[in-house]
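Take a look at the structure below.
The values are calculated or read from the model by the stated rules, or taken from the named source; none is laboratory data. Fair warning: this is a prediction, and the values are worked out from it, not measured in the lab. A quick note on method: Cβ atoms are made from the backbone with ideal geometry, for glycine too, and the neighbour counts reach across all protein chains shown. For accessibility, only protein heavy atoms count, side chains too; no ligands or nucleic acids. Shrake-Rupley method; radii C 1.70, N 1.55, O 1.52, S 1.80 Å.
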Amino acid sequence: MASQFSDHCLTRLDLTQLSAITSINDFQFRALDLKQDTPTLPSWFNQEYAQFWGMQGLSLAAIENLMAATQHKFALIGEWQGKALFMVELYDPAHDEVGHHYPVAPGDCGMHLIIAPPDGCPISGLSFKVMDAIAKLVLEKLAFNRLVVEPDQLNGKIHRLNSRVGIRYEKAIQLSTKAAYLGFCTAADRQLASNPPSSTGLAQTSSLLPSSFKAPATSPITLSIL
């Protein structure tokens, strides 16, 4: 029997036709093609910044097995200017370790993201556009109630990016592979982040982070979430 997560997705989008109907922030989303895309992924996972995925050094067969879609998760490739730029995995928190750390509600959607290593000069604001596009996909196109994330506490760069999108951290949690923050984003949170009531952007960003959060002296340069 399909999970509520897969039922929710499949009633809204045929994932095999996703790229034909889903273009957000100039990115085209399509279902991960294991045969086509897996050979590219080791060069992404083996970057120093991709350590949070915990998939460095894996064989192609192991990566293909781990990234294969199930009724509880699936991965999408985001293309930009005709090239694969990022991969996002969407999953059911009820069937993931994070689901043991909070009461999973209907309409929750977990998310893992990795962005390809830079090809040429970095483009200012591109990573934010990626995050914003994913939030829009999950909360509008797929109509989930909440986006759920659990980034590593040491991943200072992603915390600031998450806050700009509207992700609110609820608490610190200890997962089997890392100390993480548990965060959520609703459509209303995203809208508020896009249209803040005042110009106090710094104060707003701070309010989205746990009171215990302190950026490391040297924040890891990473655009990946696990």
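Structure summary
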{"quantity": "Hey, A172 farther than 30 Å from D7 by Cα and modelled with pLDDT of 95 or more or not", "calculated": "yes"}
{"quantity": "Pick from the range 35-59, criterion at pLDDT 85 or above and not polar (S, T, N, Q), ranking: most open to solvent (accessible area, probe 1.4 Å)", "calculated": "K35"}
{"quantity": "Near pairs, Cβ below 8 angstrom, 6+ apart or cross-chain, from the range 133-158 (free of Cβ contacts under 8 Å to residues at least 40 places away in the same chain and surrounded by 24 or more Cβ atoms within 10 Å (Cβ to Cβ)) to any residue that is aliphatic (A, V, I, L, M) and not in a helix (DSSP H, G or I)", "calculated": "L147/M111; L147/I167"}
{"quantity": "Residue within the range 108-118 that is more than 13 Å from R146 (Cβ to Cβ) and free of Cβ contacts under 8 Å to residues at least 60 places away in the same chain present", "calculated": "yes"}
{"quantity": "Qualifying positions in the range 80-110 - closer than 17 Å to F184 by Cβ and charged (D, E, K, R)", "calculated": "D92, D96, E97, D108"}
{"quantity": "Pick from the range 80-109, criterion open to solvent by 50 Å² or more (accessible area, probe 1.4 Å) and part of a strand (DSSP E or B), ranking: farthest from A172 (Cα to Cα)", "calculated": "K83"}
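Listed here are the residues, each with its yes/no results for (1) open to solvent by less than 70 Å² (accessible area, probe 1.4 Å); (2) part of a helix (DSSP H, G or I); (3) touching a residue at least 12 places away in the same chain (Cβ under 8 Å).
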site: L161; (1), (2), (3): yes, yes, yes
site: R164; (1), (2), (3): no, yes, yes
site: Y169; (1), (2), (3): yes, no, yes
site: A180; (1), (2), (3): yes, no, yes
site: L192; (1), (2), (3): yes, yes, yes
